[in-house]
Structure formats: structure tokens, C-alpha cells
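Reading through the C-alpha cells given below for one structure.
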Amino acid sequence: MSFLRLEGLVKRYGDFTAVDNVELSVEKGEFVSLLGPSGCGKTTTLQMIAGFEVPTQGRVIIDGKDMTDVKASQRGIGIVFQSYALFPHMPVAANVSFGLEMRKVSKEERKRRVMQTLELVHLQDFAQRFPRELSGGQRQRVALARALVIEPEVLLLDEPLSALDAKIREDMQIELRSIQQKVGTTTILVTHDQSEAMSMSDRVAVMNEGRLVQVGAPYDAYEFPEDLFVSNFLGKTNLLEGKVTARNGGEVKVRIGEAELEARDVDGSIDGRVNVSVRPEKLHLTTPQDGALQGRVLTRIFLGNHWVYQVQSPIGRLLVTQQNTGQDSAREGEEVGISWSVDGIRVLAAEADHG
Amino acid sequence: MAEISARRRLLPPYLLSAPALLLYLGLFMAPLAMTLMLSFNSFDFYKGILPGFSFVNYLEVVTDEYFHEVFLRTFGISLAVTVLCALLGTPEAYILHRMRNPWKSLFMLAILGPLLISVVVRTLGWALLIGDSGVLNDALIGAGLIDEPIRLIFTTTGVIIALVHVLIPFMVLSVWASLQKLDPAVEQAGLSLGASQFTVLRRIVVPQVMPGVLSGSLIVFALTASAFATPAILGGRRLKVVATTAYDEYLNTLNWPLGAAIAVLLLIANVIIIATYNKVIEKKYAQAFQ
Ligand SMILES: Nc1ncnc2c1ncn2[C@@H]1O[C@H](COP(=O)(O)OP(=O)(O)OP(=O)(O)O)[C@@H](O)[C@H]1O
Ligand SMILES: [Mg+2]
């Protein structure tokens with residue numbers, strides 16, 4: 001049985017449903033990201049797990065125990081807040097030590113564990129500093145140390161990295177993940193940054209308008225989105241409207257504008273009006289003769305390791321990314337061909353069906 | 001050239017603040033200076049105020065047991081009122097802070113509303129409440145809880161109760177201002193680490209609003225030490241504080257120089273106490289707050 005289970009969690013504020021029937025099972029030691037756009041209910045879900053919000057319906061179960069009515073202070077959950085929420089009037093060591101004090105841990109033991117945890121986050125030399133004397137990244141690590149020192153069964157992180165700038169954020173992502181793997185705490189991370197969710201977690205749970213729309217490993221969710229929202233939210237994609245015109249076993253032909261594409265349809269569930277999603281990196285630029293479609297480059301942007309093109313084609317404007325291989329790339333206004341492999345094409349039902 | 005333009009640039013700020021400065025000089029500094037000068041004159045019962053420069057009035061205040069008592073009483077009352085305002089006002093501000101609208105606005109109004117009413121009127125209200133045959137005593141006797149009326153009016157206790165009521169809004173406002181700066185997630189962090197609600201209050205909230213409590217205490221202390229209307233009405237003829245004593249010297253004895261000396265001493269004592277307090281506090285909190 002899973003370690004942490006959310007059973008039919010609902011949170012209503014008056015008429016407004018912030019969280020709608022969320023079902024989620026998390027294994028012990030697993031790292032799951034709750035991913036979704038702003039206002040979709042991620043924080044509310046986290047607050048219900050933490051015990052700061054009372055669910056309108058549903059249960060929170062940790063290690064087989066029903067925690068729904070247990071006070072926040074009795075749940076033993078470690079939390080890292082978006083604002084860090086460090087105690088500004090206490091030095092770093094006292095901040096980290098607070099949770100142990102509440103657990104009546106002896107003074108020597110406390111000292112030992114505080115230093116041990118500060119070493120884990122590489123802050124052993126900052127024990128006597130006050131929070132305001134630290135950088136954003138250091139504060140973030142104090143917050144993490146404070147949450148981890150109580151050896152919580154569950155660690156909740158609410159957008160812990162969103163206040164950091166890009167470079168430190170990447171470093172912290174790697175560090176956070178490696179610390180989590182070292183201590184093996186079951187972790188739920190809330191974020192609206194899809195690359196953060198995908199790079200750090202074992203599974204991502206994509207949320208939209210209070211509902212969980214897809215839960216799966218980052219690769220699966222990215223490659224096999226179950227609906228339009230997921231395919232659009234996870235990474236960039238070209239979304240095209242089309243119609244299924246022919247079927248041949250596991251393959252369908254889809255007409256988009258004047259062109260026809262082939263796509264796979266393993267379970268035979270696709271028919272009628274559909275949406276086709278093609279990731280920019282699944283498209284390749286070729287010479288006009290070699291391409292399955294012809295088009296003209298509208299703009300191109302150089303991003304160091306790759307180029308991003310906007311190409312006008314018979315099926316609409318397409319985003320195409322190409323590795324920077326050091327060879328001369330297509331220029332604006334140039335006629336090009338576009339090719340792809342049939343495996344790179346996803347066909348989704350036209351109207352996202354939430355069941 | 002550069003000098004002239006620099007002077008030109010300096011002039012407008014002075015000109016602009018001149019009206020306020022003049023008002024301040026005329027209405028505050030001048031009377032203060034005159035009071036100070038007056039305090040060095042002497043007084044004769046038959047001849048009235050005698051110009052001159054002497055410390056007789058100060059000497060009288062410093063050596064007379066009666067004045068010692070008055071000064072000690074004043075600072076005793078100030079201390080008691082300050083401590084009570086801090087003890088009552090801090091939780092009051094916190095409860096207000098945690099309330100939701102419309103209750104929040106309603107209670108805010110209830111707390112700040114009295115500031116709109118004259119202190120004299122409010123104090124007379126207290127006199128009606130706590131008098132020997134006032135509402136409180138009548139009710140208690142009527143309920144059979146006591147036989148004799150509890151003596152509150154014309155006692156230190158009565159004065160303290162009324163002053164706490166008059167001055168608590170200043171404490172609430174001051175603490176409220178620091179509570180506004182508190183990150184609500186900090187309290188949640190405390191709870192999630194296993195602290196009870198009370199421990200969170202004691203260890204996390206109170207230390208963070210301490211600067212507000214302390215600045216509120218300064219205001220309350222200074223206002224109590226120089227309070228006049230409440231002690232005058234509720235203290236009666238015998239329970240004198242410094243402000244009412246100075247008033248007596250001015251208007252009953254007509255010994256203006258002695259009254260002035262008392263007023264000046266009160267000012268000096270107040271300034272010394274507040275400055276020392278500030279120093280100590282600053283030292284204590286310099287680390288955590290800036
Ligand atoms: N106390 C409340 N009363 C009414 N509505 C609320 C309350 N708290 C949250 N909401 C609403 O619930 C929805 C979900 O809020 P939540 O904070 O969970 O969003 P989120 O997914 O964390 O967004 P973000 O990424 O911006 O932090 C929002 O539309 C919000 O307006
Ligand atoms: Mg949020």
C-alpha cells in the first residue's frame with residue numbers, strides 16, 4: 001500500500017471549488033511534483049496535506065493512518081515554504097534546532113543533529129548568522145535543513161525555488177534532488193515550472209483547475225500526454241486541428257488543412273475531429289525536396305545549444321528546434337523542407353475529456 | 001557660480017519648512033523656554049513672582065518628602081499602566097489581527113473609537129462606573145456579592161484602570177503595525193515543527209512584535225507620566241500626580257515658579273527614562289532587527 005494517499009480531496013471556498021476530487025498515491029521515498037498553472041489549487045492541496053486547511057471532503061492518509069483530523073503540529077510533516085518563513089529573530093542554528101526542541105530532544109543530541117543537517121546543506125559555517133545575513137539560496141537551504149532535521153516522514157515543498165534566480169535555481173534543483181535521495185524522505189514538490197518538475201521528480205502530477213489531469217513519470221507525461229492541456233503545459237508543442245480520414249490497423253491518416261499526416265493509434269480510440277501535437281524537437285529541417293512538407297522560415301532564434309525556427313507551412317505555422325551542430329543553419333526567408341518520424345506525432349481527442 | 005547654485009538649491013527646502021518650523025518654535029519651544037526661565041524665579045506669598053536666578057524651587061522639590069511621594073506615585077502609576085497596556089494590548093492586537101472581516105473592522109472601530117472622544121468625557125464615564133454608588137458597586141451590591149462598596153474612585157487602582165482604558169489604543173496600534181509585517185507562513189512553520197499554538201505565540205510571534213510592544217510602551221509611559229485629566233478627576237483632592245501638582249501650584253497657590261520647576265523636572269525625568277529605555281532596547285534588539 002502506498003505511503004501517502006489522498007482520497008477524493010475536495011476544497012471549496014463558498015461556491016468556488018479550489019481542489020476537486022484529487023486522488024493521489026505516493027510511495028515511500030518517492031519524489032512527486034504537483035505541477036500546474038497559477039491558481040490551479042496546488043498550494044491548497046499542499047495545505048490540506050500539511051493540516052493548515054481542512055478538506056471539504058476526502059481524506060489524507062499517511063502510513064496507513066488517517067491524518068485528516070490530526071492537528072498540523074501533530075502530523076510530523078516537514079515543510080519548506082515559498083517565502084522560506086525562517087524565524088527572523090533566531091540565528092540559523094536556533095532555527096534548525098526549533099523542531100528538535102519541540103520534540104524534547106536533549107541538548108547534546110540537538111547540537112549534533114543540527115550540525116549534521118547543516119553540513120548536509122553545506123551551511124555548517126553559517127550556524128550563528130541571522131536569516132537576514134544570508135543570501136536567498138542560503139536561506140532556502142536553512143529552510144530545508146529546518147524541515148529535514150526532524151526526520152519527517154513526508155516533506156512538502158511549496159515552490160521552494162521560485163524566488164531564486166535562474167542559475168542558483170538550477171544548482172539548487174540538483175542539490176535538492178540529491179539530498180532527497182540521500183535521506184530518502186517521501187517528498188511532494190509544488191511548482192508551476194515544468195522543467196523543474198520534470199528534472200527533479202520520479203513522477204509528475206499535472207493539475208488544472210483543481211483537478212489532477214495526469215500522473216506519471218516525467219518522460220511518459222511529456223511523450224504521451226493524455227490531453228491537450230498536458231501536452232501544452234509540459235514543454236512547447238505545435239497543436240494542429242485535424243480530422244481522421246482513414247484507418248489502417250494501428251495507424252490513422254489525419255487531414256490537416258491541405259496536408260495529410262500519418263499517426264499511430266494503438267488502442268483504436270481515435271476518430272473524427274482530433275488535435276495533433278508535434279513537439280518542435282521532433283521536426284527536422286531538410287532541403288525542400290527531402291521534406292514531407294515544404295515551408296518558409298519566418299524567424300529564427302539562437303539559444304546557444306539549439307536554434308528555434310518559426311516555419312510557415314501548409315498546415316500552419318510550426319515551431320521547429322534544431323541542435324546547433326556547428327553547421328550553417330537555414331536563414332529567414334529561406335525555403336525549407338520539414339520531415340518527422342511517425343513516432344513523434346501524438347493524436348489527442350479534440351475536446352479534453354475529464355471524465 | 002557653483003557656490004551660488006548650491007546655495008540656491010539649499011534655500012527652497014528651508015523656505016518650504018519655514019511655516020512649520022516657526023509654528024513649532026512659537027508654540028512649543030517659546031513656552032518651554034519661558035517655563036524654564038520662570039522656574040528660576042522665586043515667589044513670595046505677598047509680593048508674588050520675584051525675578052532673579054536661583055535654584056530654590058528645585059531645591060524645594062528635591063528636598064520635600066511630599067514631592068518625592070508625588071513623583072514616585074506618578075512613575076509607579078506610569079509603570080503599572082505601561083505593563084498592563086502591554087499585557088492586555090498585545091493579545092488584543094493579535095486577536096484583532098487573526099479576525100476576519102467584518103468582525104475585524106468592527107472591533108478595530110471599537111478599539112480606536114474612544115480616541116475620538118475627549119479624555120475628560122471618558123474619564124467622567126469611568127467616575128460614574130466606579131464611584132462608591134456607581135454602576136459597578138450598585139450592581140455588585142444588588143447581586144448580593146458584596147456588602148460594602150469597593151473603593152475604586154479616588155484610589156490609585158481606579159486611576160490606573162481608567163488610564164489603561166484611555167491609553168491602550170496606542171499600544172494596540174503599535175503592536176498591530178508590527179503584526180502586519182509578520183509573514184503568516186512563519187506561524188505555520190512553527191506549527192509544522194511540532195509547536196503548540198501557544199508556543200508559536202510565545203517563541204515566534206511575540207519576539208517578532210516586541211519592537212512594536214516596546215515602542216507602544218514608550219508612548220504609553222510618556223503619556224501616563226504627563227497625564228492630567230484622568231488623575232485630576234479620578235484621583236480627587238488627595239491623590240496627586242506630578243501634572244496635577246504643577247497645576248495646583250499654578251492655579252491654587254499661584255506659585256508659578258514652583259509649578260514651572262515641577263513641570264521642568266517631570267520633563268527631564270521623562271526624557272531620561274525614555275532615552276535610557278531606548279538605549280537598552282536598541283542594544284538588545286540590534287542583532288535581530290534593523
Ligand atoms: N481562502 C481562500 N478563499 C477563497 N478562495 C481561495 C482561498 N485560498 C485560495 N483560493 C482560491 O483557490 C484557488 C487555488 O489557490 P492555490 O493557492 O491553491 O493556487 P496555486 O495552484 O498554489 O497557485 P500559485 O501557483 O499561484 O501559487 C485560487 O483560484 C484561489 O483564488
Ligand atoms: Mg501556490
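Percent relative contact order of the range A:161-262, based on C-alpha pairs within less than 8 angstrom and at least six residues apart? Relative contact order of the range A:161-262: 13 percent.
Short to long, the 5 Å bins of the Cα pair-distance histogram for the range A:86-131 hold 5, 26, 32, 25, 11, 0 percent of all pairs.
So what's the net charge close to A:LYS107: Lys and Arg +1, Asp and Glu -1, counting the other residues with Cβ under 12 Å from its Cβ?
Numbers: positive: A:LYS104, A:ARG110, A:LYS111, A:ARG112, A:ARG113; negative: A:GLU101, A:GLU108, A:GLU109.
In short, +2.
For the range B:14-285, the Cα-based Rg and Dmax, in that order, read 22.6, 77 Å.
For a quick check: sort B:LEU136, B:LEU251 by the number of other beta carbons within 10 angstrom, fewest at the front. Write down the numbers at each step before the final one.
Details: B:LEU136 18, B:LEU251 11.
Ascending Cβ contact count within 10 Å gives the list B:LEU251, B:LEU136.
What does the charge dipole of the range A:4-231 about its Cα centre add up to, to the nearest 20 debye, if the Cβ of each Lys and Arg holds +1 and the Cβ of each Asp and Glu holds -1? Show your work: numbers first, answer last.
Working: 27 positive and 32 negative charges, 239 e Å.
In total the dipole reaches around 1140 debye.
In terms of distances greater than 19 angstrom between alpha carbons, the cross-link table entries B:LYS181/B:LYS283; A:LYS11/A:LYS71; A:LYS28/A:LYS182; A:LYS236/A:LYS282; B:LYS104/B:LYS181; A:LYS11/A:LYS42 yield B:LYS181/B:LYS283. Placing a label point 7 Å from the Cα of A:GLU101 along the Cα-to-Cβ direction, the residues of the range B:200-218 whose backbone N falls under 17 Å from that point are B:200-210. Among the residues of A:69-80, the average count of other protein chain beta-carbon atoms within 10 Å of the residue beta-carbon is 4. Sequence gap at least 6, Cα distance under 8 Å: using those rules, report the relative contact order of chain B to the nearest whole percent. Computed value for chain B: 26 percent relative contact order.
Taking 1.002 mPa s as the viscosity and 20 °C as the temperature, the Stokes-Einstein diffusion coefficient of chain A based on its alpha-carbon Kirkwood radius rounds to 94 µm²/s. Charge tally around B:GLN208: other residues with Cβ under 13 Å, Lys/Arg +1 each, Asp/Glu -1 each, net +2. What does a probe at A:THR68 reach in the range A:2-42, counting residues whose amide N is under 11 Å from the point 7 Å along Cα→Cβ? Under cut-off, by backbone N: A:7-10.
Look at B:LEU128, B:LEU109 and count the other Cβ atoms within 10 Å of each Cβ; fewest to most, that gives B:LEU109, B:LEU128.
Would you work out the charge dipole size for the protein assembly as shown about its Cα centre, treating the Cβ of every Lys and Arg as +1 and the Cβ of every Asp and Glu as -1, and quote it to the nearest 20 debye? If you can, show how the numbers build up before the last one.
Values: 60 positive and 65 negative charges, 361 e Å.
For the protein assembly as shown, the charge dipole is close to 1740 debye.
Direction-averaged projected area, Cα convex hull, the range A:234-313: 6.7 nm², rounded to one decimal. Between the helical axis of A:136-148 and the longest alpha-carbon principal axis of chain A there is an angle of about 60 degrees.
What is chain A's relative contact order, in percent, from Cα pairs under 8 angstrom and six or more apart in sequence?
Details: 742 pairs, mean separation 53.5, N = 355.
Across chain A, relative contact order equals 15 percent.
Given q = 0.22, 0.25, 0.26, 0.28 Å⁻¹, what are the Debye log10 I(q)/I(0) values for the range B:230-290, with equal point scatterers placed on the Cα positions and solvent ignored? Evaluating at q = 0.22, 0.25, 0.26, 0.28 Å⁻¹ gives log10 I(q)/I(0) of -0.85, -0.97, -1.01, -1.06.
For a label point 7 Å from the Cα of A:ARG59 along Cα→C-beta, name the residues of the range A:28-44 whose backbone N is under 18 Å from it. Under 18 Å, as judged by backbone N against the label point of A:ARG59, lies no residue of the range A:28-44. Tilt of helix A:166-183 relative to the longest C-alpha principal axis of chain A, in degrees (0 to 90, nearest 10)? Between helix and principal axis, roughly 60 degrees. Shape summary of the range A:1-111, radius of gyration then Dmax from alpha carbon positions: 16.2, 52 Å. Near A:MET207, the amide H atoms lying under 5 Å from its own belong to A:LEU35, A:GLY36, A:VAL213; only residues 5 or more places off or on other chains count, and H is placed 1.01 Å from N.
Reducing the range A:148-172 and the range B:238-254 to their Cα centroids gives an inter-centroid distance of 66 Å. Helix content alone sets the calculated 222 nm mean residue ellipticity of the protein assembly as shown: runs of n ≥ 4 DSSP H residues at -39500 (n - 2.57) each, divided across all residues, give -14500 deg cm²/dmol.
Radius of gyration over Kirkwood radius for the range B:53-161, both on Cα atoms: the Rg/Rh ratio is 1.12. Ordering B:TRP176, B:TRP103 by the number of other Cβ atoms within 10 Å of each residue's own Cβ, fewest first, gives B:TRP103, B:TRP176. Residue by residue along B:178-184, Cβ atoms of other protein chains within 10 Å of the local Cβ number 2 on average.
The range A:281-355 and the range A:126-141 have their alpha-carbon centroids 46 Å apart.
Give me the Kirkwood hydrodynamic radius of the protein assembly as shown in Å, from all C-alpha pairs, to one decimal place?
Values: mean 1/r = 0.0316 Å⁻¹.
For the protein assembly as shown, the Kirkwood estimate is 31.7 Å.
Span-like helix criteria (full DSSP H runs; alpha carbon extent of at least 30 Å along the helix axis; mean Kyte-Doolittle hydropathy of at least 0.5) are satisfied in chain B by B:2-24, B:65-98, B:156-180, B:256-285.
The distance separating the Cα centre of the range A:244-263 from that of the range B:127-152 comes to 95 Å.
Kirkwood hydrodynamic radius computed over the range A:110-233 comes to 15.8 Å, based on all pairs of distinct alpha carbons.
Determine, from the Cβ-Cβ distance of A:GLU23 and A:PHE224 and an R0 of 22 Å, the FRET efficiency 1/(1 + (r/R0)^6), rounded to the nearest 0.05. All intermediate terms of the calculation are to be shown ahead of the outcome.
Details: r = 20 Å, r/R0 = 0.90.
According to the calculation, E is roughly 0.65.
The simple Förster model, with R0 at 45 Å and r as the Cβ-Cβ distance, assigns A:LYS236 and A:VAL183 a FRET efficiency of 0.85. Each 10 Å bin, from zero up to the one with the longest distance, holds this percent of the alpha carbon pairs of the range B:176-269: 15, 29, 17, 15, 16, 8, 1.
FYI, it's all coordinate maths here, none of it is from the lab. The model shown is predicted, which means the values in this text are computed figures rather than measured ones. Ideal geometry is used to build each Cβ from the backbone, glycine not excepted, and the neighbour counts take in all protein chains shown.
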